[in-house]
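Visitor: Right, I'll just put the structure down here and ask away after.
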Amino acid sequence: MSAREDILNRIGAALRDAPAVPDIPRNYRRVSAMTAEQRLEQLVDRLVDYKASVFVVPAAEAAGKLAELLAGTASVVVPHGLPQEWLSALPPAGTDDAGSPAVAVDSPQRRLTVAELDAVDAVVTAAAVAVSETGTIMLDGSPSQGRRIISLVPDRHVCVLRAADIVEVLPEAVARLEATAPQTWISGPSATSDIELERVEGVHGPRTLDVLILQ
Amino acid sequence: MSGTFLGMPALPAYGHGNLNATEPFPKAAHRELGNAQLRANLGHATHTIRDKRLKVVAELPDWEDMRDSGSAIKNATMAQLPALLEQFEANFTARGGTIHWARDAQEANEIVTSLVRATGETEVVKVKSMATQEIGLNEYLEDQGIAAFETDLAELIVQLDHDKPSHILVPAIHKNRSQIREIFLREMEDVDPALTDEPARLAEAARRHLRKKFLTAKVAVSGANFGLADTGTLTVVESEGNGRMCLTLPDTLITVMGIEKLLPSWSDLEVFMQLLPRSSTGERMNPYTSLWTGVTPGDGPQNVHLVLLDNGRTAALADEMGRTALNCIRCSACMNVCPVYERTGGHAYGSTYPGPIGAILSPLMTGIKSEKNNSLPYASSLCGACFDACPVKINIPEILVHLRGEDVDSRRATIKVPTQMDLMMKGAEWAFSDGAHLGLLEKGLPLGRLAAGRDKVIKKLPGLAGKWTRSRDLPAPPGQSFRQWWARDHKAPDGVVPGTGTTNGTGTGSPTESEGGQA
Ligand code: SF4
């Protein structure tokens, strides 16, 4: 008998009493009771608590704010589907004036290697959805967010989020996400409390998380 | 755990590996209690996490609703386990993943080894996983010439020091910063000799030590927190980013997951990803959660395997009273509130699974008669704190009592001569069968006071009862029994109190009023 058959038989035998499948109560909150402003305020509060830097600007000022955040950074990587206009205030790659970064685009045609990503200072991505109650930003691998590796290896992650994509509770976000998409849920920069329970921000993932919220 | 089934396996298939206590709990606990550093660290850790947990749980108006959902979802999972496993397998496989089934620890270790061999590699990076600890995977791989590098900071500390984890959430809680610094200086080749014992510096040393490993690793081994049957999705919950590194960078990913880790549907995750982080680290959400479903072309490992592990889980499932222990999501909340665990630490339990849940899960998976596991169900005062804290409402005290019964039954089956306990119970049967019998015995109470002496404390009882006084003093018995006092104070209409055979006297006050206090 194969291990598979064996184990399924064992389970069948273990459940010889045919336990009933209970009805599942779902009385927890599944939709937001907050206004958009309240959600925004809550998300900012949570992210700051996690030691992320948060910036809230009108959508029209996205490019200017990004250029400001990236000034002095030598190199950034972006996914191929990142909205073009967000980078429009950066001088074109290669001009290298006023300390603006070299921008590398990761695309299905040209995938950056691990070594290339390790040499890059920062990554800019969009986000799929964010949960204000827990301060969680979800990436789902779509073209504006890119492969999981690009938001992992660089030491700084600049994440651009549309205020319209902020929900309050986790069930709202789960309903929006495609289960089978490769996902990373991010709640602050990497951290450890393994040494005497003292929290240290920044271990293996990006040690700096900047969140730019567009209204 | 008894019973035979026709045409089915006659005996539960018990688990093997690191699931056993190798010495009786009281003996191990006695030794661990002597470690003052361990006790201080543990006390600090359990209290800190406990307080954080209470705070973030109190924030949610629907916490109890979520616990009810979580508990029901897990019970539903167990009731439909075969169908859900097959559904999960179909979905995971349809998206390019490969599923392997392992009856026990040995088989799982062999599968992982052959998968690593097939890649031609001799090194793997690992994400913290209790299932692989349970099966002793690292040791097995080492014997086969494959080096497994733990990448979680605490696991790294424990591995570098050739030690065992003592807490499932903070495995190196028994070491302080200066001990960790010494371990790093001794065991990390390229470490900066000027390393200080500041946690931030120590974390940075670990980052540097592991970074090259991550960037060049070809094979990773992980566990999984949840498997979602209706989509075939796997989940790893973590803090440091070492999990993301292992799940994203290598070409080959091998995950080992117990068969009980399934949830029926994707949307069930909305319950468990609220219950787990708040119960576990006391955070609103853990820093990183990774989700993957088979293979995503161009993104992450392209050679993806899952080993579904039994190793005694079906034996636990066969125990109708004990099967809810499989609902455990390994949050460790029960440990942090346990007065026994707080003092003895995780090592005293022997098994990979310590604390209240370990005291039921380990013997359920191995059988109560395995090694010294029959001592584990007694490692509890039955105070019930674990039940209150458990996010999936596992009634641990009830299962502990059930397993104590199993233990007594299994021993009675092997012992023919009546034991002291049997004789004492016979005596009790006689005493409580008739009020007159009890009344007779109660006349002996003043004798007990005589035995206690002037300090009104009995320090040593004879025979089996001596076990009780080995670590406790017993206050002297009261001068009169409750029944005697009642009889004196509450005159029945006819002046006779049923059962005592005596007429009512002129007693005053309660029986405890004049008694010596607790030692
Ligand atoms: S038994 Fe409950 S409280 Fe204990 S680790 Fe498991 S889920 Fe958490």
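The values are calculated or read from the model by the stated rules, or taken from the named source; none is laboratory data. Just so we're clear, the structure is a prediction, and the values are computed from it rather than from any experiment. As a convention, Cβ positions derive from the backbone with ideal geometry for all residues, glycine included, and neighbour counts pool all protein chains shown. Heavy atoms of the whole protein, side chains included, go into the accessibility calculation; ligands, DNA and RNA do not. Shrake-Rupley method; radii C 1.70, N 1.55, O 1.52, S 1.80 Å.
Visitor: Every cysteine in the protein assembly as shown with no other Cys Cβ under 4.7 Å from its Cβ, please list them in numeric order.
Guide: Isolated Cys, the protein assembly as shown: A:159, B:246, B:328, B:331, B:338, B:383, B:390.
Visitor: Additional query: Would you mind getting me the FRET efficiency between residue B:461 and residue B:369? Use the beta-carbon distance for r and R0 = 25 Å, nearest 0.05.
Guide: After rounding, the FRET efficiency stands at 0.30.
Visitor: What residues have an amide H closer than 5 Å to that of residue A:56, excluding those fewer than 5 places away on the same chain, when H is modeled at 1.01 Å from N in the peptide plane?
Guide: Those lying under 5 Å, H to H, from residue A:56 are A:213.
Visitor: Another question about this same structure. Is there a simple number for the mean count of other chain Cβ atoms within 10 Å of the Cβ of residues in B:244-255, and what is it?
Guide: The shielding value for this peptide is 3.
Visitor: How many partner chain Cβ atoms sit within 10 Å of a residue's Cβ in peptide A:16-24, on average, as a whole number?
Guide: Other-chain Cβ atoms within 10 Å of each residue's Cβ, averaged: 6.
Visitor: Taking θ = phi - 60°, what integer Hz values does the Karplus form 6.51 cos²θ - 1.76 cosθ + 1.60 yield along the stretch B:476-486, in sequence order, with x for Gly and Pro?
Guide: In residue order, the calculated couplings are 4, x, x, x, 9, 7, 4, 5, 5, 5, 4 Hz.
Visitor: How far apart, in nanometres, would the label points at residue B:110 and residue A:5 be if each is projected 7 angstrom from Cα along the Cα-to-Cβ direction?
Guide: Placing both labels 7 Å beyond Cα along the Cβ direction yields 1.7 nm.
Visitor: I would also like to ask the following. So, by mean Cβ neighbours within 10 angstrom, what's the order for B:242-253, B:351-362 with the highest one leading?
Guide: Result, highest mean first: B:351-362, B:242-253.
Visitor: Among rounded, prolate and oblate, which fits chain B when a ≥ b ≥ c are the square roots of the eigenvalues of its C-alpha gyration tensor, a/c under 1.5 means rounded, and a/b larger than b/c means prolate?
Guide: prolate
Visitor: Taking chain A as a Gaussian network, where each spring joins two C-alpha atoms under 10 Å apart, which residue of A:20, A:74, A:36 fluctuates the most?
Guide: A:20
Visitor: About the Cα centre of the protein assembly as shown, how large is the charge dipole given +1 on each Lys and Arg Cβ and -1 on each Asp and Glu Cβ? Please answer in debye to the nearest 20.
Guide: 2340 debye
Visitor: Let me ask something else about it. Please list B:331-343, B:158-170 highest first by mean number of surrounding beta-carbon atoms within 10 Å per residue.
Guide: B:331-343, B:158-170
Visitor: With unit charges on the beta carbon (Lys/Arg positive, Asp/Glu negative), name the residue among B:277, B:40, B:462 whose Cα is farthest towards the positive pole of the charge dipole of the protein assembly as shown.
Guide: The residue sitting most towards the positive pole is B:462.
Visitor: Okay, next question. In Å², rounded to the nearest 100, what is the total accessible surface buried by chains B and A against each other with a 1.4 Å probe?
Guide: Summing both chains' loss of accessible area gives about 7600 Å².
Visitor: Full extension from residue A:199 to residue A:75: what is 0.36 nm times the residue separation minus their Cα-Cα distance, to one decimal in nm?
Guide: Stretched out fully, the residue A:199 to residue A:75 stretch lengthens by 41.7 nm.
Visitor: State to the nearest 20 debye the size of the charge dipole of chain B about its Cα centre, where the only charges are +1 on K and R beta carbons and -1 on D and E beta carbons.
Guide: 1680 debye
Visitor: Calculate how many DSSP beta bridges within chain B are antiparallel, expressed in % of all such bridges and rounded to the nearest 5.
Guide: Around 35 percent antiparallel, to the nearest 5.
Visitor: On a 22 Å Cα-Cα criterion, which of the cross-link pairs B:55/B:393; B:128/B:218; B:74/B:369; B:426/B:456; B:126/B:261 come out too long?
Guide: Among B:55/B:393; B:128/B:218; B:74/B:369; B:426/B:456; B:126/B:261, the Cα-Cα distance tops 22 Å for B:74/B:369; B:426/B:456.
Visitor: Among A:87, A:15, A:40, determine the one that fluctuates most according to a GNM of chain A built with springs between C-alpha atoms less than 10 Å apart.
Guide: Evaluated over chain A, the most mobile residue of the options is A:15.
Visitor: Just for the protein assembly as shown, what percent of DSSP beta bridges are antiparallel, to the closest 5?
Guide: Around 30 percent of the beta bridges assigned by DSSP in the protein assembly as shown are antiparallel ones.
Visitor: Sticking with this structure for a sec: Quick check: from the Cα gyration tensor, does the protein assembly as shown come out rounded (a/c under 1.5), prolate or oblate?
Guide: prolate
Visitor: Which ³J(HN,Hα) values, rounded to whole Hz and listed in residue order, are derived for the stretch B:64-70 from phi using the Karplus coefficients 6.51, -1.76 and 1.60 in 6.51 cos²θ - 1.76 cosθ + 1.60 with θ = phi - 60°, glycine and proline given as x?
Guide: Computed from phi, the couplings for the stretch B:64-70 are 5, 4, 5, 4, 4, 5, x Hz.
Visitor: Taking the Cα-to-Cβ direction at residue B:198 and at residue B:30 and moving 7 Å from each Cα, how far apart do the two end points lie in nm?
Guide: My value for the distance between the label points is 4.6 nm.
Visitor: Moving to a separate point now. Counting only the heavy atoms of the protein chains, how much of residue B:402 is accessible to a 1.4 Å probe, in Å² to the nearest 10?
Guide: Spelled out: residue B:402, probe radius 1.4 Å, area about 40 Å².
Visitor: Still on this structure: Can you compute 3J(HN,Hα) from phi for each residue in the stretch A:126-133, using the Karplus curve 6.51 cos²θ - 1.76 cosθ + 1.60 with θ = phi - 60°, rounded to whole Hz and x for Gly and Pro?
Guide: 8, 9, 7, 6, 9, 10, 6, 4
Visitor: A further question on this structure: Using unit Cβ charges (K, R positive; D, E negative) and no other charged atoms, how large, in debye to the nearest 20, is the dipole of chain A about its Cα centre?
Guide: It works out to roughly 620 debye.
Visitor: Mind checking which aspartates and glutamates have their Cα closer than 15 Å to the Cα of residue B:27? Skip sequence neighbours fewer than 8 apart in that chain.
Guide: Within the straight-line cut-off, residue B:27 pairs with B:371.
Visitor: Same structure again: Taking K and R as +1 and D and E as -1, what net charge do the other residues with C-beta under 9 Å from the C-beta of residue B:15 add up to?
Guide: -2
Visitor: Follow-up question, since we're still on this one. Restrict the search to the stretch A:73-172; then list the trypsin sites (Lys or Arg not before Pro) that DSSP places in a loop and that have at most 10 other Cβ atoms within 10 Å of their Cβ.
Guide: A:110
Visitor: May I ask which residue of B:432, B:108, B:447 lies farthest towards the positive end of the charge dipole of chain B, with charges of +1 (Lys, Arg) and -1 (Asp, Glu) on Cβ and the Cα centre as origin?
Guide: It is B:447.
Visitor: Answer rounded, prolate or oblate for the stretch B:123-201, using the Cα gyration tensor with square roots of eigenvalues a ≥ b ≥ c: rounded when a/c is under 1.5, else prolate when a/b is larger than b/c, else oblate.
Guide: Cα axes put the stretch B:123-201 in the oblate bin.
Visitor: Right, next: Taking 7 Å along the Cα-to-C-beta vector as the label spot, tell me the residue A:18-residue B:40 distance in nanometres, rounded to one decimal.
Guide: The modelled label-to-label distance comes out at 6.1 nm.
Visitor: Taking +1 at the Cβ of each Lys and Arg and -1 at the Cβ of each Asp and Glu, which of B:264, B:321, B:199 sits farthest along the dipole of the stretch B:192-337 towards its positive end, judged by Cα position relative to the Cα centre?
Guide: Value computed over the given set: B:199.
Visitor: Taking H placed 1.01 Å from N in the peptide plane, check which residues at least 5 places from residue B:227 or on another chain put their amide H under 5 Å from its amide H.
Guide: When sequence neighbours closer than 5 places are left aside, the close amide H contacts are B:262, B:263.
Visitor: Please find the FRET efficiency linking residue A:31 to residue A:53, where r is the Cβ-Cβ separation and R0 is fixed at 30 Å, and quote it to the nearest 0.05.
Guide: 0.50
Visitor: Further question: Restricting the count to DSSP beta bridges whose residues both fall in the stretch A:33-214, what percent are antiparallel, rounded to a multiple of 5?
Guide: Among the beta bridges of the stretch A:33-214, antiparallel pairing accounts for roughly 25 percent.
Visitor: How many Cβ atoms of partner chains, on average, are near each residue of B:452-460 if near means within 10 Å of its Cβ?
Guide: Averaged over the peptide's residues, the number is 0.
Visitor: Related question: Between residue B:307 and residues 5 or more places away or on another chain, which pairs have amide H atoms under 5 Å apart, with H built 1.01 Å from N, and which residues are they?
Guide: The answer is B:100, B:255, B:256, B:257.
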